[in-house]
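The values are calculated or read from the model by the stated rules, or taken from the named source; none is laboratory data. All of these numbers come straight from a predicted model, not from anything done at the bench. Methodologically, a virtual Cβ is constructed for each residue, glycine included, from the backbone with ideal geometry; neighbour enumeration extends over all protein chains shown.
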Amino acid sequence: MKMHKYILSGLLAAAMIVPVSCSKDFLKEEHTTVRSTDYFTTTEGLDQLVVGLYSYLRYYHCSEAGYSLLNYGTDEYSVGADNSNGMWNDYNAQLTPVGGTVNSNTVNAGSWWDYMYTGINTANTMIARIEDGTYTGANAKTNSGVAYFIRGLHYYNLLTHFGGVPIKLEPSTSVSFEFERASKADVFDQIEKDFLAAYNNLPAKASKTGEITKDAAAHFLAKSYLWRASELNDDWNGTTKGADLDNVIKYANEVIANHPLAPNFVDIWDYTTPDGPNEQLDEIVLAAQMTGPTTATWNAGGALYFYTTSQYRDLPGMFRDVPGGREYNRLRTTTYSIYQYDLVNDSRVWKTFRTKMTMNNIKGAASLGYTAGKDLGLMYIFNQPGDDRFEGVRHNDALENNITEADNGSKVGTTFVFFPKGTVREDSPMDKVANNDGRKYFPMNTKYVDGSRQSIADSHCFRDGIIARSVEDYFFLAEAQLRKGDYAAATETLNKVRARAAWKAGEDREEHRDGGQSWDGTTGAQEPGVSSYCNRSSYYESNNLALGSLNAEASDLQIKGTINNVADLPAEDQWIVKTLGVSGDKDVALCFLLNEKSREMSLELVRWVDLARTKTLLSRVKAFNEDAAGNIQERHYLRPIPQQFLNTLQKDGHALTQDEKQAMQNPGY
């Protein structure tokens, strides 16, 4: 049964199946694997239920809902060639309580709502069976902590998207139709209780990879307190703001102390094999463990990689392969996402975005006079306005022969240039050409790339989905410090993040590593060892520097003054401050922090909530997301309550009237 009909039991549907007998003896079968809900009154069944609770962590990385509700409709990403969930980015007429369906991939608000309450009810079952003594296993305390954590996380997601929602703390054993929306304050109080219970019951250290720990609860306590202390809640958080900021500092510092940052930003994304070194780093506080594409269930492996992959197979000398990925083409990188970085001194942009691909079509490359596996099939140039090296945005070397040979003397089949001769930043020339090309071409974010998949057709991968890493706690800490007016402390905290982001002396600034390197060398290849994966970036070509000229030097990203002073900020941040019209110490400092967090955590499923809670969503979308700029309104700080839920609600045994439904709905929908 679907949650969009009513809030009901989160137990697996398989547990509700009743075997059907037949009068013919030769058709009689003994069902040994079918479970009823009675199974979850046994210790064995409840131990399995905890495993099921962990599966809820995968949802954000396995479904289209993750990027649709958490990254679309922001300054970082817009819609690519596939508009399956474009309403979440564009804030158009399809974003309604009913929702518009483009195709079978479209996610409506009801899907998110249903999944959250299903997880809540599963957690309710575990909590109830421990509290009433049904569960007699040795792991009662830890399992209770897991259940409280999952319930708190799901209510947090509901609160941050819908505002006040119904609170249900008992497991459902029958269909219920009568519910009332709780206030935002009451829902927050429940989230706080759940995360504190998780914090007190979970182990300090994980006994196995992927286990939820005390620090995961501390991380989300800090995140939750910061949400309540933010501008979105200024109409009711006046008496709690001071204590909330103190709690943010307390819990963020705990996580930071226990989870040191990896030495190099690329270490986190340097994926070479499932469960490899990059997935064991101390910086990772919590990750959803993926079991890969060989498993039948939809949520067994990560899928975000496919949604961020841009087109390449239709370019000269190219064809689709495993390291390059399937071009689902959902999220298109905005100009803001690239040009918020210091392109010379900040290593993160070159370690996050794929700017080169190797020509991999053996026959196609040869017919064009190229060598597959050596020459480049694709390159993106992140240059600056005023660069007069390129006459247009798109260049096909095979046809025009007007691109200088790249780094190692290889030819380049297709080059895209952000700023051709005669263009300025406000022209957004790459965006306009991308539109003309069907939005297919853009530098893709490679944080989720997985070349270890077993075939080109695999739609899910083995790579873990990071839910929390301790670098975000530095941002929690810095934001609490700046909100308390301590701009020097906030600057010092963020400078620690920027110190890691700077190039190290002796580091090859042209090197690029992503999960494409985990390819086995044969799967899906025209010839063994020939793929589109390229371990180089266009750093030197983009910055118009001699190859290798800066490799010996360390770069410096430190803020020399304080982040509340516009004059002390880097040029790229001054541009953003000016574009947004930001002024005042707190707002300038917060603007810098939001830029810095995007530079560090681009596409890590935190952006929409951060912009909504700080009430910067409208201004940033209007400035940097042209698809959404004309549509976004105040009502979009909250999502619409699903109409299918309202249609099945009752009051005193009767369906709600239209006025009663409207009273339950968020303003403006």
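On the phi < 0 side of the Ramachandran plot and in contact with a strand residue (DSSP E or B) (Cβ under 7 Å, 6 or more places away or on another chain) - does that describe any residue in region 240-253? The answer is no; no qualifying residue exists.
Given the conditions (1) in contact with a Phe, Trp or Tyr (Cβ under 8 Å, 6 or more places away or on another chain); (2) closer than 21 Å to M126 by Cα, which single one is not true for T173? Unmet for T173, out of (1) in contact with a Phe, Trp or Tyr (Cβ under 8 Å, 6 or more places away or on another chain); (2) closer than 21 Å to M126 by Cα: (1).
Every condition in (1) buried (at least 17 other Cβ atoms within 10 Å of the Cβ); (2) over 24 Å from N233 (Cα atoms) holds for L617 except the one numbered (2). Look at (1) of a type outside the set (D, E, K, R); (2) in contact (Cβ under 8 Å) with a residue 40 or more places away in the chain; (3) out of contact with any helix residue (DSSP H, G or I) (no Cβ under 6 Å at 6 or more places or on another chain) and you find that L158 fails only one, number (3). Here the condition is being farther than 16 Å from L53 by Cβ, buried (at least 18 other Cβ atoms within 10 Å of the Cβ) and not hydroxyl-bearing (S, T, Y); of V175, V102, V165, it holds for V165 alone. For region 358-371, the set of residues classified as under 24 Å from Y539 (Cβ atoms) and either buried (at least 23 other Cβ atoms within 10 Å of the Cβ) or charged (D, E, K, R) (or both) consists of T358, M359, N360, Y370, listed by residue number. Does K168 qualify as being among the basic types (K, R), part of a loop (DSSP other than H, G, I, E, B) and not assigned by TED's automatic domain parsing to the domain that holds R483? When the stated conditions are applied, K168 passes them. Residue-level analysis places I403 among those that are over 21 Å from the mean Cα position of the chain (by Cα), at pLDDT below 80 and not basic (K, R). For the condition closer than 23 Å to A288 by Cβ and outside any helix (DSSP H, G or I), what is the one hit in S104, S68, S84, S144? Being closer than 23 Å to A288 by Cβ and outside any helix (DSSP H, G or I) holds for just one of S104, S68, S84, S144, which is S84. Restricting attention to region 554-585 and to residues that are part of a loop (DSSP other than H, G, I, E, B) and in contact with a Phe, Trp or Tyr (Cβ under 7 Å, 6 or more places away or on another chain), the residue that is surrounded by the most Cβ atoms within 10 Å (Cβ to Cβ) turns out to be I563.
Within region 502-536, the set of residues being part of a loop (DSSP other than H, G, I, E, B) and among the charged types (D, E, K, R) comprises K504, E507, D508, R509, E510, R513, D514, D520, E527. Among the helices (runs of 4 or more DSSP H) confined to region 420-501, the ones with at least 3 residues that are among the aromatic types (F, W, Y) and either in the same structural domain as E572 (by TED's automatic domain parsing) or touching a Ser or Thr at 6+ places or on another chain (Cβ under 7 Å) (or both) are located at 471-483. Filter region 185-209 for residues that are in contact (Cβ under 8 Å) with a residue 60 or more places away in the chain and touching a helix residue (DSSP H, G or I) at 6+ places or on another chain (Cβ under 7 Å); which is surrounded by the fewest Cβ atoms within 10 Å (Cβ to Cβ)? Among those residues, the one meeting the criterion is P203. Screening region 303-390 for strands (runs of 3 or more DSSP E) wholly inside it with 1 or more residues that are over 30 Å from R500 (Cβ atoms) and touching a residue at least 40 places away in the same chain (Cβ under 8 Å) returns the ranges 376-381.
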